[in-house]
Amino acid sequence: MPALRVDDLTKSYGQTLALDDLSFEVREGEVFGFLGPNGAGKSTTINVVLDFIRPTAGRVEVLGRNAQAHSRDIRSRTGVLPEGYRTYDRLTARQHLEFAIESKGADDDPEALLERVDLADAIDKKAGGYSKGMAQRLMLAMALVGEPDLLILDEPSTGLDPNGAREMREIVREENARGATVFFSSHSMEQVEAVCDRVGILRNGEMVAVDSVEGLRDSVSGGTTLRITVDRIDDEAVQSVRALSDVSTVTIGSEQPPTITAQVEGSKTAVLTALEDHGVDVRDFSTEEASLEDVFQSYTTGTEVHAR
Amino acid sequence: MSTDVGSGAGPDTTATDAGAGATAGGSPSSSINPASVRAVAKKDFRDSIRSWVFWGLSVFFFTLLVATTGVISYFGEDIAAQGETTEALVAMVNGITRLVIPLIALILGWKAIAGERESGSIKVLLSLPHSRKDVLLGKLIGRAAVLSVSLIVGFVLAALVVVALLGSFDIVDYGGLLVMSIIYGLAYTSIAVAVSSLTRSTTVAGAGMIGIFVLFYILWDTMLVAFMTLMNMGYLPEGETTAQVMLFFNSLDPGMAYQNVLSLVTSVGDLDGQTVMMLENMFGSVPFYLQDWFAFVILLAWIVVPIAIALFRFDRVDL
């Protein structure tokens, strides 16, 4: 049973189509990164999952139950860090957590939860005076109440500094290790690649790719790009490089000194050796891997990618 | 305003309409859970009110009672002689609370739901396992509690002064006014929370509160006057039916019901013998809607109907 199953989900606001026949699954026990630029429909999807808004068409199942008919049951087993929320100005962090603990019928210790998100100092301060980052930590602590089976985190890094974002990822790992499924959305690949087992990329309300992080990397790049600066161009040497089975494309730069750029999947040394065997002097070389950010860009901006 | 669901699924979603269609009515999601309601009410009581509002209201009710008592003990020697001081106090205070309680309830309830939708804090509430009905009822109870508890504090503290100043004290009359004031406040809180749940804009909700205020303070009476004028000018048939409709209409006003219902619990506001005789001459007997039990039914209806409509509707909207 998948932790989350979205089937042909469509949501329209009048003429505007926010989600267009969206389908995907989040497997039990995995960390799933839900990626897309702002406005792609991530929050709309999460709002349907939480029954904040109702689908125009399609079906959503969370923990095996219909998201609309059994929302209360679902939310009692789910921890949520929503997007566009606001904390209660006149309640302290402790009171927020007491409310969440009472609401979920849990028996957590507010102090211990705030300790985990590094907000224990402000436990008795009213949330009205919190910075965005502090509010975000408080909401994360509320999401952790009652050891939920599923964590839904909508842009959890918002307002956090790099250190805070790292701590947040650490908590995601801990919760996942405990057995929780984590579904978390972000507009930045950087936030998800370090923790996610799989990533789905949303664009204009449609899922354009769902794959593991490695799979995504492989799907757009021909492996590693090897850039070699040589003393001269020798046709025979270039031919011998092209002949290598691990090399897909070879291009020659005309600048001085000349460079040879090759897409290599296997051994880079084989390329260098082939050149040197033909008496070409290798002065310098560098390798570049396609970054996931490039992958993300290529999917979400619609520019053509050099897929195999 | 948001789009309603259910009908939104459209005709071309043959296999997948269950998700959108199965939302309403009877399903576990839209059920009411007392523990949930209590949690929301408690949170709302703690959060919605700056403590000075609560104490300010308590002081206000206290002062109102003590000042009225002072006026009675200073001017009202005749009243005192007749030993009807508490009765006079209840009648005078009722005249003022009738106008003031709605204002307070509307202001307290104004942002109850619209404010949370506008700011996004309702997402905090509904990320937890509460149904939307739990949220509405919890809000109603939380806000009504602020008004009720300050009424109780004000009345109980003032009782000591009333006893000291007036000498005599009828606890049934005094307690009756308190209980009916709480119920009256609950009715207006129900109206306010219901109107607040219709929109996600506090501006629109505020306009709604002004609308309610104008309706019951100005329009209701104006309509009666208009009726009367039309009847006098001969545009409406002068007769029993017209008079019945007007009296019935008049008795539906929650403020009128609040005033009439006092006779159920206190010695204030009973129809005097002359009126009863006049009514019996006109209609054969005192019509049911002029009897005090009916005023109580009206008050209860003003609690139940607005929140019931809100409960039904709020389950069906996008937040």
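The values are calculated or read from the model by the stated rules, or taken from the named source; none is laboratory data. Please read these numbers as outputs of a predicted model, since none were measured by experiment. Please note: Cβ atoms are built from the backbone with ideal geometry, for glycine as well, and neighbour counts cover all protein chains shown. Quick note on the areas: whole protein, heavy atoms, side chains included, nothing else; ligands and nucleic acids left out. Shrake-Rupley method; radii C 1.70, N 1.55, O 1.52, S 1.80 Å.
Only one entry of B:ILE182, B:ILE191, B:ILE218, B:ILE171 meets the criterion of being surrounded by fewer than 24 Cβ atoms within 10 Å (Cβ to Cβ), at pLDDT 95 or above, away from chain A (no Cβ under 14 Å) and within 22 Å of B:ARG98 (Cα to Cα), and that entry is B:ILE182.
On inspection, B:PHE155 qualifies as within 17 Å of B:THR97 (Cα to Cα), among the aromatic types (Phe, Trp, Tyr) and away from chain A (no Cβ under 14 Å). Looking across segment B:277-291, the residues that are without any contact (Cβ under 8 Å) to a residue 12 or more places away in the chain, of a type in the set (A, V, I, L, M, F, W, C) and over 15 Å from B:GLY239 (Cα atoms) come down to B:MET277, B:PHE288.
Determine, yes or no, whether A:VAL60 is more than 13 Å from chain B (Cβ to nearest Cβ), open to solvent by less than 10 Å² (accessible area, probe 1.4 Å) and modelled with pLDDT of 95 or more. The answer is no for A:VAL60. Can you tell me how many residues in segment A:244-261 are open to solvent by 60 Å² or more (accessible area, probe 1.4 Å) and modelled with pLDDT of 85 or more? The total comes to 0.
Per this entry, A:ALA180 is not counted among residues that are assigned by TED's automatic domain parsing to the domain that holds A:GLY33 and open to solvent by 30 Å² or more (accessible area, probe 1.4 Å). Return the residue satisfying two criteria in turn: it lies in segment A:185-237 and is part of a strand (DSSP E or B) and of a type in the set (Gly, Ala, Ser), and of such residues it is most open to solvent (accessible area, probe 1.4 Å). The qualifying residue most open to solvent (accessible area, probe 1.4 Å) is A:SER212.
When the helices (runs of 4 or more DSSP H) confined to segment B:34-147 are screened for residues that are open to solvent by 10 Å² or more (accessible area, probe 1.4 Å) and either away from chain A (no Cβ under 12 Å) or of a type in the set (Ser, Thr, Tyr) (or both), those reaching at least 2 such residues are found at B:34-48, B:51-75, B:77-81, B:85-109. For segment A:117-141, filtered to residues that are assigned to a loop (DSSP other than H, G, I, E, B) and in contact (Cβ under 8 Å) with a residue 40 or more places away in the chain, the residue that is farthest from A:ILE171 (Cα to Cα) is A:TYR130. Would segment B:214-227 turn up any residue that is touching an Asp or Glu at 6+ places or on another chain (Cβ under 9 Å), under 30 Å from B:GLY70 (Cβ atoms) and acidic (Asp, Glu)? There is no residue in segment B:214-227 that is touching an Asp or Glu at 6+ places or on another chain (Cβ under 9 Å), under 30 Å from B:GLY70 (Cβ atoms) and acidic (Asp, Glu).
Scanning segment A:11-37 for residues that are surrounded by fewer than 24 Cβ atoms within 10 Å (Cβ to Cβ), over 22 Å from A:VAL172 (Cα atoms) and of a type outside the set (A, V, I, L, M, F, W, C) turns up A:SER12, A:TYR13, A:GLY14, A:GLN15, A:THR16, A:ASP20, A:ASP21, A:SER23. Regarding A:ARG94, is this residue within 21 Å of B:ASP47 (Cα to Cα), open to solvent by 40 Å² or more (accessible area, probe 1.4 Å) and modelled with pLDDT of 95 or more? Yes: the conditions hold for A:ARG94.
The residue list A:ASP161, A:ASP121, A:ASP149, A:ASP107 contains one member that is out of contact with any helix residue (DSSP H, G or I) (no Cβ under 8 Å at 6 or more places or on another chain), more than 14 Å from chain B (Cβ to nearest Cβ) and among the acidic types (Asp, Glu), which is A:ASP121. Of all residues in segment A:82-100, none satisfies the criterion of being out of contact with any Lys or Arg (no Cβ under 9 Å at 6 or more places or on another chain), of a type in the set (S, T, N, Q) and closer than 10 Å to A:LYS125 by Cα. The conditions of being in a strand (DSSP E or B) and either open to solvent by 40 Å² or more (accessible area, probe 1.4 Å) or within 18 Å of A:THR287 (Cα to Cα) (or both) are not met by A:THR269.
For B:LEU224, state whether it is outside the structural domain of B:LEU103 (by TED's automatic domain parsing), farther than 23 Å from B:VAL172 by Cα, outside any helix (DSSP H, G or I) and in contact (Cβ under 8 Å) with a residue 24 or more places away in the chain. Against the criterion (outside the structural domain of B:LEU103 (by TED's automatic domain parsing), farther than 23 Å from B:VAL172 by Cα, outside any helix (DSSP H, G or I) and in contact (Cβ under 8 Å) with a residue 24 or more places away in the chain), B:LEU224 does not qualify.
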